[in-house]
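Input: a single structure, listed below in C-alpha cells.
The values are calculated or read from the model by the stated rules, or taken from the named source; none is laboratory data. Bear in mind that the values here come from a model prediction, so they are computed numbers and not experimental data. As a convention, Cβ positions derive from the backbone with ideal geometry for all residues, glycine included, and neighbour counts pool all protein chains shown. All accessible areas refer to the heavy atoms of the entire protein, side chains included, with ligands and DNA or RNA removed. Shrake-Rupley method; radii C 1.70, N 1.55, O 1.52, S 1.80 Å.
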Amino acid sequence: MKRPVTSGAETTNPAAPSAPAAPSTPFSATGSAADPAAAPAAGLDGIPRQRPLPVSAVSAEGVHVAVAERAPAAAGSARPRSRPLLARLRRVRPWRLFPTPTGTPFTFGYAVVLAVTSVVAEYADPGLVDRALQASSTDVAHLAQSPVRVLVASALWIAGGLTSTYVIAFLLVLTALERRIGGWRTAGVFLLGHGLATLATEIPVGLSVLAGHLPESSLHRYDYGISFGVAASVGALAGLLRPWLRWTVLAVFGWMVIGDLIAFTDPMTNWGHTMALAIGVATWPLLRRVSSRTTTGTRETPRTARACP
C-alpha cells in the first residue's frame with residue numbers, strides 16, 4: 001500500500017475526492033464580495049442624496065470593473081463667445097473721439113491754442129492780424145532768416161479759421177493717434193510732416209527765383225497753417241488701423257488731395273499735402289513697433305498710449 005507523498009504543508013492525496021468548486025462570487029470595484037444586504041437601502045432617513053452610480057462593465061473573467069462616467073457639462077454654463085450687440089454698444093464711448101485734458105494732453109492743449117489764435121484772427125484789428133500772419137509765414141525769405149521760429153509760429157494758425165475742414169480732421173486724427181502712441185510721438189509726427197513738407201515746397205520756389213523763372217515777389221508770400229501736419233498725421237494713423245479702415249482712410253484723403261491737384265488752384269500747397277501724407281506713411285515701421293510694445297506691455301509706455309480704444 002502506497003503512502004501519500006507529503007511536501008511541506010501541502011499534502012497530495014490522489015484518493016481524496018476533489019472538493020466542489022466554490023461558486024464564483026462577483027466582486028465590486030474594491031475587490032470585496034458584493035453583498036446585496038450590506039448595501040444601504042435607497043431613501044433612508046438621514047442619508048444625503050448620492051451621485052449616480054458609475055456604469056459597470058463586466059470583464060471576460062467575470063469580475064465587475066467600475067468605469068467612471070463623466071458628468072455632462074451643463075448646457076447653459078458655457079458663455080457664448082460673441083457678446084450680445086447691446087453689450088458691445090454699451091462699451092462705445094463717443095467722447096473718446098475728441099481730446100481731453102488727461103487722456104490726450106498734447107492734442108487738447110494744441111486745440112486750445114488754435115482756438116485762441118482763430119478768435120484773434122477773426123475779431124482783432126485787421127492790420128495787426130496781417131502783420132502777425134506775415135511774420136509767421138514760412139516763405140523763402142523768413143526761412144532763410146529764422147527757420148525754426150517761423151516753422152513753429154506758422155503752425156499756430158489755421159488757414160480758413162475755425163470753419164476749415166482741417167479743424168475736424170485735426171481733432172479726430174490727432175486724438176486717435178495720441179491715444180495709440182502718446183503725446184510726444186504725436187507731436188513729433190505732426191512737426192515732421194509740417195517741417196519737411198514746408199521745406200519741400202519752398203526750396204523749389206527759391207531755386208526758381210534764382211533761376212529767373214519766378215519773380216522776386218514769390219519770396220514773400222503767405223504760407224501758414226496746420227494742413228501739412230494734419231496730412232502727415234492721417235498717413236501715420238492709417239498704419240495703425242485695421243486693414244479695411246486703413247485703406248478706406250487713405251483712399252478718402254488721397255482722393256481729396258488728388259482732386260485739389262487736378263483743380264490746380266494752389267499747386268504748391270496741394271503738392272505739400274501729398275508729400276506730407278507720404279511722410280506719414282513712411283513712419284509706419286517705427287510707429288508699429290511702438291504700438292506693438294504698447295500692446296504687449298514689454299516696455300513702459302505713457303498712460304495715454306495704454307488707454308487707446
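First select every other residue whose beta carbon is under 12 angstrom from the beta carbon of THR186; then total the charges, Lys and Arg +1, Asp and Glu -1.
+2
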Quiz prompt | q = 0.19, 0.21, 0.22, 0.24 Å⁻¹, the stretch 155-220: log10 I(q)/I(0) [Debye, one scatterer per Cα] | solution = -0.85, -0.92, -0.96, -1.03
Quiz item: Counting only the heavy atoms of the protein chains, how much of MET275 is accessible to a 1.4 Å probe, in Å² to the nearest 10?
Solution: 70
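Sorted by accessible area with a 1.4 angstrom probe, largest first, how do ILE158, ILE181 fall? Before the final figure, lay out the partial values.
Details: ILE158 20, ILE181 0 Å².
Correct descending sequence by accessible area is ILE158, ILE181.
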Quiz item: Of THR248, THR175, which has the most accessible area with a 1.4 Å probe, and how do the rest follow in descending order?
Solution: THR248, THR175
Practice problem: Evaluate 2.2 N^0.38 Å with N set to the residue count of the stretch 118-197, then give the Cα radius of gyration divided by it. | Solution: 1.23
Quiz item: Quick one: if you stick a label point 7 Å off each Cα along the C-beta vector at VAL281 and HIS220, how many nm between them?
Solution: 3.9
Quiz item: By what distance, in whole Å, do the Cα atoms of the stretch 172-281 stretch along each of the three principal axes, largest value first?
Solution: 48, 30, 18
Practice problem: Order the peptides 279-288, 222-231, 194-203 from the highest to the lowest mean number of other Cβ atoms within 10 Å of their residues. | Solution: 222-231, 194-203, 279-288
Quiz item: Of all accessible surface on the stretch 98-167 at a 1.4 Å probe, what whole percent is carbon and sulfur?
Solution: 72
